[in-house]
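One structure follows; several queries about it will come next.
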Amino acid sequence: MATDPDFRECIACSCFAVRRAARVITQHFERHLKPSGLRASQFTVLSVLAIGGPQPLSRLADLLAVERTTLTRNLRALLSRGLVTRAGLVAARAALPRWREAQKSIARRLGAGAIGALAAVTEAAVGSSPGRK
């Protein structure tokens, strides 16, 4: 396939960079959480529920910045394992040390400044998303 110079600017595409970083970071957390039996997305859902308690589906999707269909799929997997109950909190609590280790190691790898910047960029992007209050 011939290279097309019209697409060179796409190398610096914000969407590509964020999606690539998200995949790499997610894979990092998946490796750390695997022994717990929870996927990174499941741990995140359980963490949000642990922090805020039961939420309407639309509110939970908004908090997680995911489509309702994606959230429904994630919840279905948790429900099938009985983890959208007290058992989910127990499972998340058991996985918390693994999450903490993943968080520390990704911060060492990327640098604390990068983690802070990523959080700030995420908040700015999510806060300005269409449909956000």
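The values are calculated or read from the model by the stated rules, or taken from the named source; none is laboratory data. Small disclaimer: the values here were computed from a predicted structure and weren't measured. A quick note on method: Cβ atoms are made from the backbone with ideal geometry, for glycine too, and the neighbour counts reach across all protein chains shown. Keep in mind that these areas ignore ligands, DNA and RNA; they rest on the heavy atoms of the full protein, side chains included. Shrake-Rupley method; radii C 1.70, N 1.55, O 1.52, S 1.80 Å.
Looking at Arg98, Arg31, Arg86, Arg81, which one is touching a Pro at 6+ places or on another chain (Cβ under 7 Å) and open to solvent by 60 Å² or more (accessible area, probe 1.4 Å)? Give the derivation first.
Details: Arg31 fails: touching a Pro at 6+ places or on another chain (Cβ under 7 Å); Arg86 fails: touching a Pro at 6+ places or on another chain (Cβ under 7 Å); Arg81 fails: touching a Pro at 6+ places or on another chain (Cβ under 7 Å).
Result of the check over Arg98, Arg31, Arg86, Arg81: Arg98.
Still on this structure, please answer the following. Can you give me the number of residues within segment 97-127 that are free of Cβ contacts under 8 Å to residues at least 40 places away in the same chain and acidic (Asp, Glu)?
Of the residues in segment 97-127, 1 are free of Cβ contacts under 8 Å to residues at least 40 places away in the same chain and acidic (Asp, Glu).
Yes or no: segment 2-15 includes at least one residue that is in contact with a helix residue (DSSP H, G or I) (Cβ under 8 Å, 6 or more places away or on another chain) and under 29 Å from Gly111 (Cα atoms).
Taking segment 2-15 as the starting set, the residues that turn out to be in contact with a helix residue (DSSP H, G or I) (Cβ under 8 Å, 6 or more places away or on another chain) are 10.
Applying the additional criterion that residues be under 29 Å from Gly111 (Cα atoms) yields 10.
Yes; the residues of segment 2-15 include at least one that is in contact with a helix residue (DSSP H, G or I) (Cβ under 8 Å, 6 or more places away or on another chain) and under 29 Å from Gly111 (Cα atoms).
Filtering segment 78-113 down to residues that are among the hydroxyl-bearing types (Ser, Thr, Tyr) and part of a helix (DSSP H, G or I), which residue is farthest from Pro35 (Cα to Cα)?
So the residue we want is Ser80.
A follow-up question, please. Of all the residues that make up segment 34-58, how many are part of a helix (DSSP H, G or I) and over 13 Å from the mean Cα position of the chain (by Cα)?
First pass over segment 34-58, keeping only residues part of a helix (DSSP H, G or I): 34-36, 40-52, 57-58.
Those left that are additionally over 13 Å from the mean Cα position of the chain (by Cα): 34-36, 49-52, 57-58.
Counting residues in segment 34-58 that are part of a helix (DSSP H, G or I) and over 13 Å from the mean Cα position of the chain (by Cα) gives 9.
Moving on. Inspect all residues belonging to segment 12-28 and state whether any of them is under 26 Å from Glu123 (Cβ atoms), modelled with pLDDT under 95, surrounded by fewer than 11 Cβ atoms within 10 Å (Cβ to Cβ) and among the aliphatic types (A, V, I, L, M).
yes
All but one of (1) open to solvent by less than 40 Å² (accessible area, probe 1.4 Å); (2) outside any helix (DSSP H, G or I); (3) under 22 Å from Ala125 (Cα atoms) hold for Ala61; which doesn't?
(2)
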